[in-house]
Amino acid sequence: MHTLQTGYRGLGLLVMINLDRVLSVLAIAGALYLGAFLGSL
């Protein structure tokens, strides 16, 4: 049980560290999509 809790905490820390990278990639992709949509009007 202790191993599962430690592993879960480690996974949560890894997600929190990389969350800003994922959000920045999504923001850039959304901006590019919006720009392409507005440019096609």
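List of remarks:
- Label-point gap, in nm, between L26 and R9 - each point 7 angstrom along Cα→Cβ: 2.7
- Pairwise label distance in nanometres, L19 with Y33, each label 7 Å out on the Cα-Cβ vector: 2.1
Bear in mind these aren't lab numbers, they're just calculated from the coordinates by the rules spelled out. All values reported here derive from a predicted model rather than from experimental measurement. Counting neighbours? That spans all protein chains shown, and the Cβs are built from the backbone with ideal geometry, glycine included.
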